[in-house]
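Undergrad: Right, I'll just put the structure down here and ask away after.
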There are 2 protein chains.
Amino acid sequence: MMKRNTWQREAVREALDTTEGFISAQALHSALHASGSPIGLATVYRALGDLASSGEADSLQSPDGEALYRACSTAGHHHHLICRNCGLTVEIEATEVEAWAKGIAAEHGFTEAAHVVDVFGLCADCTRPAATTESPDRAG
Amino acid sequence: MMKRNTWQREAVREALDTTEGFISAQALHSALHASGSPIGLATVYRALGDLASSGEADSLQSPDGEALYRACSTAGHHHHLICRNCGLTVEIEATEVEAWAKGIAAEHGFTEAAHVVDVFGLCADCTRPAATTESPDRAG
DNA sequence: GATGGTTTTGACAATCATTATCAATAACAC
DNA sequence: GTGTTATTGATAATGATTGTCAAAACCATC
Ligand SMILES: [Zn+2]
Ligand SMILES: [Zn+2]
Ligand SMILES: [Zn+2]
Ligand SMILES: [Zn+2]
């Protein structure tokens, strides 16, 4: 079962690359359609799933259970600092946490420890006194 | 709009208390029904939502986007070490992680930082060579 | 360039968790 | 007890994700 290259997969990869922050499969599909692509929704789901499992994309569950994806720039294992207002995402290393997680697991007799570590907050821009009434757009 | 006490809410709280590890709204509803309670599904969802937002219960999103709940024994903010096989959960404090999260956020100009930090693994019991063919039950 | 076995696609149906409805019911202050 | 009002629950609605499967696209080979 050899993988084949299709413009659809390439389109998804590219769309994801040009997207700032995390985006849902639905949103990415809309974006592609908006830019004229006739790609199907199911295909976007499949492509994103593949990218995620091959490590080319990061994925996480939004608080309301939606799966979000993001082009992954750092090769190895890493985590994210995400602006909950504009979606801006920073890839971060968490050496301390890696060690801590491993330690706490061992300490309790757990093996094969994996972990979920994400930090959400307001980026510098979004922090500027919301007093200015205007707030940055949410998800492009 | 004053909150009222109903046997339904109490039932949910109790069911959650007697449950080891995290459980979904659907599963908790089934469990209640199984034990003879005629409580409605929507009510279970509402009760769990309330418990979670009042801090009496912890909640997290399972990898497949399901919301899971657990009676919270520790009052303050804390994290979890969860057995991905049997659901056994250990509440853990992580002073280091708190500091790290706060630091990394500030370092990047982020404010109002919150974080999601959970460790998944196999507990000591579940680690015993799966060679014994038999494995502990999943979710009660 | 044509051919053929396979993989991939996509329109649409099917799932499945969660939320919205809204009339009937139960809490509780008086 | 009575009235006001929050709560319940059967059911419909929503919305994301997955399954289906014939048609289309890939690509190694002729
Ligand atoms: Zn922002
Ligand atoms: Zn890590
Ligand atoms: Zn276990
Ligand atoms: Zn914490």
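The values are calculated or read from the model by the stated rules, or taken from the named source; none is laboratory data. Keep in mind the model is a prediction, meaning the values are calculated, not measured. Cβ sites come from the backbone with ideal geometry, for glycine too, and all protein chains shown count toward neighbours. Keep in mind that these areas ignore ligands, DNA and RNA; they rest on the heavy atoms of the full protein, side chains included. Shrake-Rupley method; radii C 1.70, N 1.55, O 1.52, S 1.80 Å.
Undergrad: Kindly provide the set of residues from region B:10-22 that are modelled with pLDDT of 95 or more and open to solvent by less than 30 Å² (accessible area, probe 1.4 Å), ordered by number.
TA: Hits for region B:10-22 are B:A11, B:V12, B:A15, B:L16.
Undergrad: Same structure again: Regarding A:T6, is this residue of a type in the set (V, I, T), over 28 Å from B:E107 (Cα atoms) and without any contact (Cβ under 8 Å) to a residue 24 or more places away in the chain?
TA: It is true that A:T6 is of a type in the set (V, I, T), over 28 Å from B:E107 (Cα atoms) and without any contact (Cβ under 8 Å) to a residue 24 or more places away in the chain.
Undergrad: Quick one: how many residues across region B:48-75 are within 15 Å of ligand 4 (Cβ to nearest atom) and closer than 24 Å to A:I82 by Cβ?
TA: So in region B:48-75, the residues within 15 Å of ligand 4 (Cβ to nearest atom) come out as B:55, B:58-60, B:72, B:74-75.
Now narrow it down to the ones that are closer than 24 Å to A:I82 by Cβ: B:55, B:58-60.
The number of residues fulfilling the criteria is 4.
Undergrad: Find the residue count for region A:82-112, including only residues that are farther than 30 Å from B:C126 by Cα and more than 13 Å from ligand 2 (Cβ to nearest atom).
TA: So the count comes out to 9.
Residue by residue, here is whether (1) in contact with a Cys (Cβ under 7 Å, 6 or more places away or on another chain); (2) without any contact (Cβ under 8 Å) to a residue 24 or more places away in the chain; (3) not assigned by TED's automatic domain parsing to the domain that holds B:G121 holds:
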residue: B:S35; (1), (2), (3): no, yes, yes
residue: B:R46; (1), (2), (3): no, yes, yes
residue: B:G65; (1), (2), (3): no, yes, yes
residue: B:Y69; (1), (2), (3): no, no, yes
residue: B:A94; (1), (2), (3): no, yes, no
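Undergrad: Still on this structure, I have one more. Of the residues in region A:1-50, how many are in a helix (DSSP H, G or I) and within 21 Å of B:G65 (Cβ to Cβ)?
TA: Total meeting the criteria: 18.
Undergrad: Which of the residues that make up region B:23-46 are β-branched (V, I, T) and farther than 26 Å from B:C83 by Cβ?
TA: Within region B:23-46, the subset β-branched (V, I, T) is B:23, B:39, B:43-44.
If the condition is that a residue be β-branched (V, I, T) and farther than 26 Å from B:C83 by Cβ, then B:I39, B:T43 are the ones that fit.
Undergrad: Oh, and also: Can you name the condition, by its number, that B:W7 falls short on among (1) more than 14 Å from every other protein chain (Cβ to nearest Cβ); (2) open to solvent by less than 20 Å² (accessible area, probe 1.4 Å); (3) aromatic (F, W, Y)?
TA: (2)
Undergrad: What are the pairs with Cβ atoms under 8 angstrom where one residue, in region A:73-90, is closer than 17 Å to B:D118 by Cα and more than 10 Å from every other protein chain (Cβ to nearest Cβ) and the other, located anywhere, is more than 9 Å from ligand 1 (Cβ to nearest atom) and of a type in the set (G, A, S)? Sequence gap at least six, or different chains.
TA: Going by the 8 Å Cβ cut-off, the qualifying pairs are A:H78/A:A94.
Undergrad: Can you find a residue that is away from ligand 3 (no atom under 16 Å from the Cβ), among the hydrophobic types (A, V, I, L, M, F, W, C) and modelled with pLDDT of 85 or more anywhere in region A:73-80?
TA: Scanning region A:73-80 turns up no residue that is away from ligand 3 (no atom under 16 Å from the Cβ), among the hydrophobic types (A, V, I, L, M, F, W, C) and modelled with pLDDT of 85 or more.
Undergrad: Do we find that B:L68 is more than 14 Å from chain A (Cβ to nearest Cβ) and either within 14 Å of DNA strand C (Cβ to nearest atom) or not aliphatic (A, V, I, L, M) (or both) in this structure?
TA: Against the criterion (more than 14 Å from chain A (Cβ to nearest Cβ) and either within 14 Å of DNA strand C (Cβ to nearest atom) or not aliphatic (A, V, I, L, M) (or both)), B:L68 does not qualify.
Undergrad: Output the residues belonging to region B:51-104 that are assigned to a helix (DSSP H, G or I), more than 20 Å from A:G103 (Cα to Cα) and open to solvent by 60 Å² or more (accessible area, probe 1.4 Å).
TA: Applying the first criterion (assigned to a helix (DSSP H, G or I)) to region B:51-104 yields B:51-53, B:95-104.
So of that shortlist, the ones also more than 20 Å from A:G103 (Cα to Cα) come out as B:51-53, B:102-104.
Correct list: B:S53, B:K102.
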